[in-house]
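See below for the structure under consideration.
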Amino acid sequence: MVIRLMVIIERRELEPLLNTKWSLWYGRRKTGKTFYTREKLRYSYYFIVTHGREIINVETGEALSFSEFLRMFPLLLGTGRIVVDEFHRLDEPFFSLLQGLSGKGELTLITSTRHYFRRFIGENSPLLGLFHLIEVGLVDPRDALKFINSLGFEGKTLVELALLIQEPWLAPSVEILGDEIFKSLGRMLQTYVPSLVGEIFNEEERELTHRYSAILESVSNGKRTASEIAKELFSRGLIKKETHGAVAPYLDTLVEMGLLRRITVYGRTRKTYQYQHVSPIVDFTYYLNAKYGFLETGLPDETVERLFRERLPKYVEQFFERLLSKHHALQPVRVEKPKLELDVALLRNKKLHLVAEVKWKEKIREKDIRKAENKFEEAGGKINLLIVPDKEALPREPENAKVFDWRDALALS
């Protein structure tokens, strides 16, 4: 019998926290917080708090009551690092105890509620300033590329698999199946994504209403602005008025929970935003549901794979936007003028600094290059990139841009 051990995705933003005395890790569910701390942290005790406020020692299985844990905690804090997972379920008087013990021993707190985290660091919080804070979101594209390359993949497949394992819960399947994962992706999405989204809402103590689900579907189906989303929900009879105000609270909640991101539209006199799914995997699942009722009825594996590959260029654009914005510390924006729509636009000091066009296909023609050149000239960015799977397949290089392929992406990792 062969036992395969799962490789850990090394995450650059988390490494500095492994030796920090008091740290707090927060982020939506299934982003790898618990797995990474269990595998990488050196700790004496690891506790997880249940919904019923019971504290479980994960090494021994021993269950402590809240009062027992409060009594033991100051003593345990002197024995080495203590980890308390889903600590937000404890609430008072645990927080007052933390304030009194501040700076003593080594402590790592973990929470899956971004909503609660905001309260935790609010102006009136007695614990403000006691912890080094880190949000654990999707895997950094640079770390995703490095991980997939360690499995032996290169070229176009390297980027496409790295895109998937930004959701770390897909990493074990990618490690086992490799690029065959696309053939069974539908079954994984139908099983895991509804559970994932439901768990997020459960942790945030909010009901997953028809309105929230409809917004997630609308965004995945191309509705980007609040007015477009409001129009869609009004047509479904889910809101009484077709106005921005009717959907704004729901959009704010979804952004706060880490399911949607809000992106500034560049070049408008009045500040406006577009909305996008944070996770391409969640986006694709809700797209399938909006179009085909996927979560209820399912779809054949080959249909899911075909539809995913049709959507793949869009997700690759988002992947490179994340990669380049993180590497260069730039702000992503949307540029949508009457004759100019850019795949990637990144700001520095409120000015377009890096502009990229993504041509994610095997054969790139002369007309594709000319079209990209025209866009670069119109945009006026400082750095122009033409992103392709493999620069060696180009008929020529653009005159006003650098060609960027999988080798350049991997070099950034």
Query raised in the report: Can you name the residue in the range 54-77 that is open to solvent by less than 70 Å² (accessible area, probe 1.4 Å) and part of a loop (DSSP other than H, G, I, E, B) and, of all such residues, is nearest to Pro93 (Cα to Cα)?
Result: Ser65
Query raised in the report: Taking the range 226-254 only, how many residues are open to solvent by less than 30 Å² (accessible area, probe 1.4 Å), of a type outside the set (Ser, Thr, Tyr) and part of a helix (DSSP H, G or I)?
Result: 9
Report summary line: In the range 310-337, anything of a type in the set (Lys, Arg), in contact (Cβ under 8 Å) with a residue 40 or more places away in the chain, surrounded by 15 or more Cβ atoms within 10 Å (Cβ to Cβ) and over 12 Å from Arg142 (Cβ atoms) is listed as Arg334
Requested in this report: Kindly indicate which of Gly198, Gly258, Gly245 is on the phi > 0 side of the Ramachandran plot and not hydroxyl-bearing (Ser, Thr, Tyr).
Outcome: Gly258
Report summary line: Leu340 vs (1) in contact with a helix residue (DSSP H, G or I) (Cβ under 9 Å, 6 or more places away or on another chain); (2) modelled with pLDDT of 95 or more: all pass except (2)
**Report entry** Candidate set from the range 27-53 (those that are in a strand (DSSP E or B) and open to solvent by 20 Å² or more (accessible area, probe 1.4 Å)); member that is nearest to Leu127 (Cα to Cα)
**Finding:** Ile48
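Residue-by-condition table, conditions (1) touching a Cys at 6+ places or on another chain (Cβ under 8 Å); (2) touching a residue at least 12 places away in the same chain (Cβ under 8 Å); (3) within 27 Å of Ala144 (Cα to Cα):
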site: Asp343; (1), (2), (3): no, yes, yes
site: Arg370; (1), (2), (3): no, no, no
site: Gly380; (1), (2), (3): no, yes, no
site: Pro389; (1), (2), (3): no, yes, yes
**Report entry** Residue count for the range 338-365, restricted to those that are farther than 19 Å from Arg407 by Cβ, acidic (Asp, Glu) and open to solvent by 90 Å² or more (accessible area, probe 1.4 Å)
**Finding:** 1
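The values are calculated or read from the model by the stated rules, or taken from the named source; none is laboratory data. Computed from a predicted model, the values in this text were never measured in an experiment. Reconstructed Cβ throughout: ideal geometry from the backbone, glycine too, with neighbour counts over all protein chains shown. For accessibility, only protein heavy atoms count, side chains too; no ligands or nucleic acids. Shrake-Rupley method; radii C 1.70, N 1.55, O 1.52, S 1.80 Å.
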